[in-house]
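Here's the structure we're looking at; comments come further down.
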Amino acid sequence: MRYKEPKDFDFIRGEILVLNKPLDWTSFDLVQKVRNMLCRFLKIKKLKIGHAGTLDPKATGVMVLCSGKLTKQIDEIQADEKEYIALLKVGATTPSYDLETDENAQFETVHINHESVENILPLFVGEIEQIPPVYSAIKVDGKRAYQFARKGKEVELKSKMLVIKEIELLRFELPEIELRIVCSKGTYIRALARDIGTALDSGAYLIGLQRTRIGEYTIDNSLNLTELADMLSEYFQINKITPI
């Protein structure tokens with residue numbers, strides 16, 4: 001994706017921005033920050049803006065934000081396939097399947113080698129059934145599943161069908177393995193880490209995750225917030241508008 005010349009932007013009518021979400025920010029945090037930034041520059045109080053595809057706080061990478069009338073494209077964009085670089089720790093688990101919670105169990109890894117990892121990865125390619133993490137935003141009896149999980153209450157979630165198009169082993173250095181994953185909408189990489197650990201007769205959880213692509217929108221064409229602020233400053237200088 002290539003951005004327009006700054007003079008051509010019309011955020012009120014509708015624009016698409018590709019941002020690189022920082023670590024430990026929620027998706028809502030990023031949307032609010034960008035909305036506030038745009039409202040300040042545009043000298044308006046409200047701006048319709050949304051995002052396509054939520055990222056967990058412990059994940060970074062591509063988030064597509066749509067403003068104005070282009071928010072109608074959100075469902076279409078988030079339905080596109082996604083690509084991730086995932087870093088797993090093998091030999092332990094956490095209740096959330098990532099770094100949000102502390103390790104609750106340890107497992108042997110002496111039987112695991114590069115070949116054994118390569119051998120189990122094809123089991124997860126194609127149409128697979130996956131049980132979402134209990135630490136997720138899925139609604140159960142009108143509440144988010146993570147609200148029950150954080151209070152120590154048991155939550156039973158139904159499995160769902162999804163598609164993993166590709167899994168590539170990028171690095172094997174126990175206790176860490178790094179994977180490139182191309183998958184459909186609705187895939188929980190944390191749950192995939194859990195299932196890979198089980199398939200290895202051990203345990204695993206996610207210690208790093210970067211989304212590198214949503215459809216045509218890639219990490220190489222994404223902006224951090226400083227770059228976005230610089231781009232907006234250029235836009236308003238070209239149009240001789242002074243931000244408040």
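Let me spell out the model: positive unit charges on the Cβ of Lys and Arg, negative unit charges on the Cβ of Asp and Glu, origin at the Cα centre of the chain. What dipole size does that give, in debye rounded to 20? It would help to have the intermediate numbers written out before the result.
Numbers: 34 positive and 36 negative charges, 362 e Å.
Roughly 1740 debye for the chain.
Tell me, what is the FRET efficiency for GLN73 and ALA229 to the nearest 0.05, using R0 = 30 angstrom and their Cβ-Cβ distance as r?
According to the calculation, E is roughly 0.80.
Could you please rank ARG144, ARG213, placing first whichever residue has the fewest other Cβ atoms within 10 Å of its Cβ? Kindly include the intermediate steps, with their values, before the conclusion.
On the way: ARG144 15, ARG213 19.
If I rank by nearby Cβ atoms, fewest first, I get ARG144, ARG213.
Cα axis of helix 189-199 to longest principal axis of the chain: angle in degrees, 0 to 90, nearest 10?
On a 0 to 90 degree scale, this one is about 10.
Ranked highest first by average number of other Cβ atoms within 10 Å, how do 190-198, 166-174, 73-81 line up?
190-198, 73-81, 166-174
Using Cα pairs closer than 8 Å and at least 6 residues apart in sequence, work out the relative contact order for the chain, in percent.
29 percent
Modelled label-to-label distance, LEU42 and ARG180, 7 Å Cα→beta-carbon offset: nm?
According to this spin-label approximation, the distance is 3.7 nm.
Given the pairs LYS21/LYS45; LYS72/LYS153; LYS45/LYS82; LYS48/LYS165, which are separated by over 28 angstrom at their Cα positions?
Over 28 Å apart, Cα to Cα: LYS72/LYS153; LYS45/LYS82; LYS48/LYS165.
For the stretch 158-164, just list the computed ³J(HN,Hα) in residue order, Karplus coefficients 6.51, -1.76 and 1.60, θ = phi - 60°, integers in Hz, with x standing in for Gly and Pro.
Each residue's phi maps through the Karplus curve to give 7, 6, 9, 8, 8, 10, 9 Hz.
Relative to the Cα centre, what is the charge dipole magnitude of the stretch 82-214, using +1 at the beta carbon of each Lys and Arg, -1 at the beta carbon of each Asp and Glu, and rounding to the nearest 20 debye? Display every interim value, and only then the final one.
On the way: 18 positive and 20 negative charges, 188 e Å.
So the dipole magnitude of the stretch 82-214 works out to roughly 900 debye.
State, as an integer percentage, the relative contact order of the stretch 1-91 based on alpha-carbon contacts under 8 Å between residues 6 or more apart.
Once divided by the residue count of the stretch 1-91, the mean separation gives 35 percent.
In degrees between 0 and 90, to the nearest 10, how far off the longest principal axis of the chain does helix 225-238 point, with axes built from Cα atoms?
Once rounded, the angle reads 20 degrees.
Residue by residue, what Karplus-based ³J(HN,Hα) values in Hz, rounded to whole numbers, does the stretch 120-133 have, using 6.51, -1.76 and 1.60 with θ = phi - 60° and x for Gly and Pro?
Values per residue, Gly and Pro as x: 8, 4, x, 5, 10, 9, x, 7, 10, 9, 9, 8, x, x Hz.
For ASN104 and LEU123 in one chain, what is 0.36 nm times their gap in residues minus the Cα-Cα distance, to one decimal in nm?
Full-extension gain reported as 4.2 nm.
If I take R0 = 30 Å and measure r between the Cβ atoms of GLU81 and GLN237 in this structure, what FRET efficiency does the formula 1/(1 + (r/R0)^6) give, to the nearest 0.05?
Between GLU81 and GLN237 the formula returns 0.20.
Can you list, largest first and rounded to whole Å, the semi-axes you get for the chain by taking the square root of 5 times each eigenvalue of its Cα gyration tensor?
Working: eigenvalues 275, 75, 50 Å².
Output for the chain: semi-axes of 37, 19, 16 Å.
Values quoted throughout were computed directly from the atomic coordinates according to the rules given, and no laboratory measurement underlies them. Quick caveat, the model's predicted, so the values are computed rather than measured. Every residue, glycine among them, receives a Cβ derived from its backbone with ideal geometry; neighbour counts consider all protein chains shown.
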